[in-house]
Amino acid sequence: MSKVFTIDVAKCNGCYNCQLACKDEHVDNDWIPYARPQPETGQFWIKLKENVCGTTPKVRIHYIPQMCNHCENAACMSACSAFYRREDGFVVLDPGKCVGCETCLSKCPYDAIFFNEELNICQKCTGCAHLLDNGFASPRCVEACPTEALHFGDEGDMQDFIVGATVRMPESGLRPKVFYRNVPGKFIAGTVYDPIDKEVVIGARCRATNGGKTVEVLSDDYGDFWFEDLAMGKYDVVIEAKGFEFKAFGAVDATKDVNLGDIALERKG
């Protein structure tokens with residue numbers, strides 16, 4: 001049964017423990033025949049990507065651990081015979097067979113393979129196969145995660161998580177074995193206020209419509225509204241509040257997160 005990684009993005013708090021644990025396990029440690037030592041700099045076999053979305057003061061941050069996806073249709077394996085697949089599904093680069101030609105670097109769409117100039121070989125995540133083969137239950141990155149955002153196990157046992165999860169670059173057709181849940185969608189946000197009283201407007205009815213589908217929220221006690229987890233696309237936004245003229249924004253482009261800023265509502269009459 002193939003092993004998989006599952007990552008709950010909502011639980012990741014950006015502590016970097018996974019990244020540090022990988023460095024601690026592999027820098028200056030020679031795990032032949034699985035891997036040669038990872039250099040101190042220039043390589044991250046697991047790397048935490050910080051995503052800062054929106055503009056001040058409407059900002060959201062989330063973190064996504066990224067690593068080799070140990071793909072079922074691994075492009076690296078097609079590019080070089082130094083790669084092999086273990087019975088547990090991990091794709092490993094045999095350091096004894098690598099000749100440093102670097103052909104594999106351009107084949108991996110995830111930038112998960114690195115070149116070690118000192119050793120003249122390419123390197124990548126092994127899934128800590130040297131630990132798994134010696135009685136350990138999990139790779140170091142999973143073991144080090146304090147929020148249990150990272151999990152590891154048999155693909156069949158992880159189906160409750162996998163069903164409905166996403167993978168990076170599904171269009172590649174490589175069938176990655178690292179699955180993500182709760183990756184935030186895009187947002188449109190803003191603040192509504194009364195320019196005469198110079199007060200925020202609480203409870204304004206805010207609607208965002210895309211392709212016949214409408215999302216509705218109310219402005220909160222600070223006059224803020226957030227349309228969250230939106231699919232990418234263009235939205236027509238309408239804001240209504242009792243005693244005020246409605247305000248409309250056409251074709252708001254949510255291919256990235258949008259802060260509409262401070263929105264003044266005009267009083268009726």
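Under a GNM of the chain (C-alpha, springs under 10 Å), which listed residue has the highest mean-square fluctuation: Val183, Val215, Val192?
Highest fluctuation of the listed residues: Val215.
Can you say what percent of the DSSP beta bridges in the chain, counting only those with both residues inside, are antiparallel? Round to 5.
80
Of Asp133, Asp160, Asp154, Asp111, which has the most accessible area and how do the rest follow, probe 1.4 Å?
Details: Asp133 80, Asp160 145, Asp154 45, Asp111 115 Å².
Descending order: Asp160, Asp111, Asp133, Asp154.
Take the chain, connect every pair of alpha-carbon atoms lying under 10 Å apart with a spring to form a Gaussian network, then pick out the residue of Thr126, Thr147, Thr41 with the largest mean-square fluctuation.
Thr41
Quick one: net charge of Gly185's neighbours, Cβ under 11 Å, K/R +1, D/E -1? Please list the in-between numbers first.
Working: positive: Arg60, Lys186; negative: Glu228, Asp229, Asp257.
It works out to a net charge of -1.
Students often get this wrong, so try it: which of [x] 1.01; [y] 0.93; [z] 1.29 is Cα Rg over 2.2 N^0.38 Å as calculated from the structure shown?
[z]
Just how much of Arg60 is accessible, in Å², when a 1.4 Å probe is used and the result is rounded to the nearest 10?
The accessible area comes out at roughly 90 Å².
Taking the Cα centre of segment 40-103 as the origin, how large is its charge dipole in debye, to the nearest 20, when only Lys and Arg (+1) and Asp and Glu (-1) carry charge on their Cβ atoms?
Values: 7 positive and 7 negative charges, 71 e Å.
Dipole magnitude for segment 40-103 comes out near 340 debye.
Picking from Pro95, Pro139, Pro57, which is most flexible by a Gaussian network model of the chain using Cα springs under 10 Å?
For the chain, modelled as a Gaussian network with Cα springs under 10 Å, the answer is Pro57.
Could you sort Lys97, Lys242 by their accessible area in this structure, using a 1.4 Å probe and putting the largest first?
On the way: Lys97 130, Lys242 200 Å².
The residues order as Lys242, Lys97, largest area first.
For a quick check of your reading of the filter: which GluC sites (Glu not before Pro) in segment 174-269 sit in a DSSP loop and have no more than 15 other Cβ atoms within 10 Å? Numbers along the way, then the final one.
On the way: sites: Glu199, Glu216, Glu228, Glu240, Glu245, Glu266; in loops: Glu245, Glu266.
Taking segment 174-269 and a limit of 15 other Cβ atoms within 10 Å, the loop GluC sites (Glu not before Pro) found are Glu245, Glu266.
In sequence order, what are the phi-derived ³J(HN,Hα) couplings for segment 170-178 according to the Karplus relation 6.51 cos²θ - 1.76 cosθ + 1.60 with θ = phi - 60°, rounded to whole Hz, with x for glycine and proline?
Computed from phi, the couplings for segment 170-178 are x, 5, 5, x, 7, 6, x, 10, 10 Hz.
Let me know the Kirkwood hydrodynamic radius for segment 1-151, please, with Cα pairs as the basis and the value in Å to one decimal.
It is 16.2 Å.
Calculate, in nm to one decimal, what Glu50 and Val215 gain on full extension: separation in residues at 0.36 nm each, minus their alpha carbon distance.
So the extension gain works out to 56.7 nm.
With a 1.4 Å probe and all protein chains kept in place, how do Phe227, Phe179 rank by accessible area, largest first? The partial results should precede the final answer.
Working: Phe227 0, Phe179 20 Å².
If we order Phe227, Phe179 from most to least accessible, we get Phe179, Phe227.
Given H placed 1.01 Å from N in the peptide plane, which residues other than close sequence neighbours of Ser2 have an amide H under 5 Å from its amide H?
Glu155
What's the local net charge at Arg267, with K and R +1, D and E -1, over the other residues with C-beta under 10 Å away?
On the way: positive: Lys268; negative: Asp194, Asp197, Glu245, Glu266.
Summing Lys and Arg as +1 and Asp and Glu as -1 gives -3.
Residue by residue, what Karplus-based ³J(HN,Hα) values in Hz, rounded to whole numbers, does segment 137-147 have, using 6.51, -1.76 and 1.60 with θ = phi - 60° and x for Gly and Pro?
For segment 137-147, the Karplus-derived couplings read 7, 9, x, 4, 4, 5, 4, 8, 6, x, 9 Hz, x marking Gly and Pro.
In degrees, nearest 10, range 0 to 90: what is the angle between the Cα axis of helix 17-26 and the longest Cα principal axis of the chain?
10
P(r) for segment 137-267: what percent of alpha-carbon pairs falls in each 10 Å bin, starting at zero?
11, 31, 22, 18, 14, 4, 0
What number comes out for the charge environment of Phe136, summing +1 per Lys or Arg and -1 per Asp or Glu over other residues with Cβ under 11 Å away? Let's see the in-between values first.
Working: positive: Arg140; negative: Glu25, Asp133, Glu143.
So the surrounding residues net to -2.
The values are calculated or read from the model by the stated rules, or taken from the named source; none is laboratory data. As the structure is a computational prediction, the values presented were derived from the model and not from experiment. Ideal geometry is used to build each Cβ from the backbone, glycine not excepted, and the neighbour counts take in all protein chains shown. For accessibility, only protein heavy atoms count, side chains too; no ligands or nucleic acids. Shrake-Rupley method; radii C 1.70, N 1.55, O 1.52, S 1.80 Å.
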